[in-house]
Amino acid sequence: MENNTALPTSPSTSKPEPGGLKLFFKRLVSQRILVLMSVPFVIWLFVFKYVPVWGWTIAFQDYQPSLAFKDQQWVGFSHFQSLFSEDRFLIALRNTLAMSGINLVLGFVTAVSLALLLNEVRKVAFKRVVQTVSYLPHFISWVVAAGIIQTMLAPDGVVNELLKMFGVIEKGQEYLFLGKAEWFWGIFGASSVWKDVGWNTIVYLAAISAIDPAQYEAAEMDGAGRLRRMWYITLPGIKPVIVVLLIMNIGYLLESGFEPQYLLGNGMNVDYSENIDIFVLKYGLQQFNFPLATAAGMFKTVVSFILLFSANHIAKRLGQDRLF
Amino acid sequence: MANAAGASRQARSSRRHSSVGDRVFDILNYIFLTLLMVVTLYPFLNTLAVSLNAASDSIKGGIHLWPRQFSGENYRFVFNEATIYNATLISVLRTVVGTAVTVFASAMVAYTISRQEYVLRKFVTIAFIITMYINGGLIPNYLLIRDLGLINSFWVYILPGIIGVFNLIIIRSFIEQLPESVIESARIDGAGDFRTFINIVFPLCLPVLATVALFTAVYQWNSWFDVFLYNSSNVKLSTLQYELQKILQNSNTTSSAETAFANSGSGSSVKVSPLSIRATMTIVAAVPMIVIYPFLQKYFVKGMTVGGVKG
């Protein structure tokens, strides 16, 4: 791979040796086109992704927008203290964990099951149609999805009609689904599955197609039926992928999403729909409590960072590297 | 290749072995998957039917998969509304410009970090990877955009999201799979890095770039939060998704479409209703991406797999 470089390999850019520094600049000049192609975007990255991290300082200040940075008053961790004694934040934290937990479990179970069932379809044309249809909701915005879900769950919507048809409820007993706070997590979980279950099968179907067909033939010789083959060959065959994806997703435990909760949320279900992201929006940009909102956002990022890093580390130890 | 093997394996097994239990399983499986398709498609077809039905008739309810009184009036109304017409233009513009910029920039940076001899390769790669783990969050980002003077500007839709790390990684993986000899031969012909990238690497990457283009187009077309956050005071920069969002959350923000509806209702005959406008806007906001993705399915399935499983 490095056969055309007469120079020593491992160009450690961080700490070049005394003689290496000259060499480093010499190579930098000779590679100026590559530098011009990438460094402007590193500057872009710095401005748009790294500079905001500096904004975390607001969480430690009695931030006054009119004052310069050096004139701000520093208050240590007091905003974090008030954050954790704030009831709305604790509710938001509970909702965040509950909804991402539901999403995690439900998302995995449904996607793996659908992948297994799709794999058993013999008619290739039918399988392709099901796959294409199942990807569809992934490509619509949450705005459109929320509008559709609201229509379906309305008192005169199709879900209530079906319940009446099967005699579960009488006429006049229609549910106002999005008005029942304690049902919100379930509605959120079902909506997320509806939107993304097809999309999430892609990875599992790819893993299934990598299973050695000889295994199936051998099982068949031994007289194993379809269900047994699914259970003893397909499932163990994709187990590594399942395990790694599960671990990686634990890293996103505080990222329960923002759009579905914001768009489906309303005054009646706020105690169950408001998560950390909505808390930050409400306290920050509607009540202009920048320090408290920044503290909440920072808490989320720092915990996510720790979770993701440990998840990555565990995934690597399981031998499946570079799977962010 | 693996699919072909799988298909032939299944064809063989169906010939050789087909017990009663297997056949029952098959039938149940087909029924279940058909039901799944119905549940997925029904909401869209229902919304489409309402949007194509005369508004005065839709109010009575009971419309399922087919319009009862066919009418194009809702669509005529929506597109005659100046705000919505303008919002559609902005949506198209941000999708086209945003996708072009992202595809080109991501491919270019991915090329540089695929060059093993590039001295800044590690530095650039790590600088991007770190941003997957750390972000400033809503408030610091808002303050940055404000300080950069991007509030009330079209560029706030394009600049903050030029390069996504996921896109960068899948393009780099793709470039690294290309035969090195192709790039070497361009070098021997005297092409510099930029020309090698434009003339050789970029065309060869089209399959993976189609995936990135689709993801970016979907993101741009479907975005509404940045409009809400930065440009909600400037109706000229509003987008279709944001206009729809305003209609859906009509509690305290009166949307332009409904104001127009209220005005038009002063006449004797009711031509449009909030219900119909909502359905029509939903279809207009959803259809472009729904029409595009089946043609790119082959590419994004591959792109997802490269990024997801093999890394």
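Structure data summary
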| quantity | calculated |
| --- | --- |
| Total residues in the range A:79-128, condition within 14 Å of another protein chain (Cβ to nearest Cβ) and part of a loop (DSSP other than H, G, I, E, B) | 4 |
| Meets criteria (in contact with a Lys or Arg (Cβ under 9 Å, 6 or more places away or on another chain) and within 14 Å of chain B (Cβ to nearest Cβ)) for residue A:34 | yes |
| When residues of the range A:129-187 are limited to those that are assigned to a loop (DSSP other than H, G, I, E, B) and among the hydrophobic types (A, V, I, L, M, F, W, C), the one farthest from residue A:266 (Cα to Cα) | A:166 |
| Per-region count, the range B:95-107, residues surrounded by fewer than 23 Cβ atoms within 10 Å (Cβ to Cβ) and either in contact with a Phe, Trp or Tyr (Cβ under 7 Å, 6 or more places away or on another chain) or closer than 26 Å to residue A:304 by Cβ (or both) | 3 |
| Flag if residue B:195 is assigned to a helix (DSSP H, G or I), surrounded by 21 or more Cβ atoms within 10 Å (Cβ to Cβ) and among the basic types (Lys, Arg) | no |
| Condition met for residue B:172 (more than 30 Å from residue A:65 (Cβ to Cβ), within 12 Å of chain A (Cβ to nearest Cβ) and at pLDDT 90 or above) | yes |
| Helices (runs of 4 or more DSSP H) enclosed by the range B:241-311 - at least 2 residues per element that are at the interface with chain A (Cβ under 9 Å from one of its Cβ atoms), under 19 Å from the mean Cα position of the chain (by Cα) and at pLDDT below 90 | B:297-305 |
| Condition check for residue B:189: of a type in the set (D, E, K, R) and either surrounded by fewer than 21 Cβ atoms within 10 Å (Cβ to Cβ) or out of contact with any helix residue (DSSP H, G or I) (no Cβ under 6 Å at 6 or more places or on another chain) (or both) | yes |
| Residue match in the range A:71-84 (condition: under 22 Å from the mean Cα position of the chain (by Cα) and in contact (Cβ under 8 Å) with a residue 24 or more places away in the chain) | no |
| Subset of the range A:37-68 [within 7 Å of chain B (Cβ to nearest Cβ), under 17 Å from residue B:110 (Cβ atoms) and aliphatic (A, V, I, L, M)] | A:37, A:42, A:45 |
| Any hit, the range B:64-71, residues being of a type in the set (Ser, Thr, Tyr) and in contact (Cβ under 8 Å) with a residue 24 or more places away in the chain | no |
| Residues (in contact (Cβ under 8 Å) with a residue 40 or more places away in the chain and more than 8 Å from chain A (Cβ to nearest Cβ)) located in the range B:28-52 | B:48, B:50, B:51 |
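Let's see how each residue does on (1) more than 27 Å from residue A:192 (Cα to Cα); (2) exposed (fewer than 13 other Cβ atoms within 10 Å of the Cβ); (3) away from chain A (no Cβ under 11 Å):
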| residue | (1), (2), (3) |
| --- | --- |
| B:26 | yes, no, no |
| B:54 | yes, no, yes |
| B:73 | yes, no, yes |
| B:80 | yes, yes, yes |
| B:84 | yes, no, yes |
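The values are calculated or read from the model by the stated rules, or taken from the named source; none is laboratory data. Everything numeric here is computed off the predicted structure, so don't read it as measured data. Using ideal geometry, Cβ is built from the backbone for each residue, glycine included, and neighbour counts are taken over all protein chains shown.
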